[in-house]
Amino acid sequence: MEQLKITHLIGRAPWREAVTYRDTWPHEYLLSGKDGQRELFEVVCARLRAGEGVPGTFFGRRNTYLFIGDYKYWLMTPCDRLDLDDGREYVLNRALLYRDRRDFVIQPGDSGSPQDYPENPGRVP
């Protein structure tokens, strides 16, 4: 039942393209308040708190990713610092899965294009 809830919320969310990274790391995002996605943020955090997240790094920056369907999801602010009542906008991102190690480790030399995948991909933290 919980899986149906999160996929329903994801499906109706107004995802927008992150144009700044269109040619390097294409992904989409939404905002907690502006897009009225409080419930989705709460469900994502509940899943992460339940231990469903997977650690990864993006150019050395550690994050926790949630894998659902063909996408990985991540927050710009960790759930333990997220306060949906403080009036701030929080960001939830998603990107299509690469289905290789770059879903867990992005490092110098990666550009997001298969031809630029490093010969010695980084270790999963």
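In terms of the Cα gyration tensor, with a ≥ b ≥ c the square roots of its eigenvalues, is the range 37-105 rounded because a/c is under 1.5, prolate because a/b exceeds b/c, or oblate? Note, shape of the range 37-105 comes out prolate.
Per-residue 3J(HN,Hα) values for the range 4-20, derived from phi via the Karplus relation 6.51 cos²θ - 1.76 cosθ + 1.60 with θ = phi - 60°, read 5, 5, 5, 5, 5, 4, 5, x, 9, 6, x, 4, 10, 6, 7, 5, 4 Hz in sequence order (x marks Gly and Pro).
Given R0 = 22 Å, the distance between the Cβ atoms of Phe59 and Lys34 translates into a calculated FRET efficiency of 0.20.
Asp70 sits among other residues whose Cβ lies under 10 Å from its own Cβ, and their net charge, with Lys and Arg +1 and Asp and Glu -1, is +3. Protein heavy-atom surface of the range 1-79, 1.4 angstrom probe: 54% of the accessible area is carbon and sulfur, with nucleic acids and ligands not counted.
Residues whose amide H lies under 5 Å from that of Tyr71, counting only those 5 or more places away or on a different chain, are Leu97; hydrogens are built 1.01 Å from N in the peptide plane. What's the local net charge at Asp83, with K and R +1, D and E -1, over the other residues with C-beta under 13 Å away? Local charge sum for Asp83: -2.
The values are calculated or read from the model by the stated rules, or taken from the named source; none is laboratory data. Being a predicted model, the structure only gives us computed values, none of them experimental. Heads up, the Cβs are rebuilt from the backbone with ideal geometry, glycines too, and the neighbour counts pull from every protein chain shown. Ligands, DNA and RNA are stripped out before the accessible areas are found, and what is left, the full protein with its side chains, is counted by its heavy atoms. Shrake-Rupley method; radii C 1.70, N 1.55, O 1.52, S 1.80 Å.
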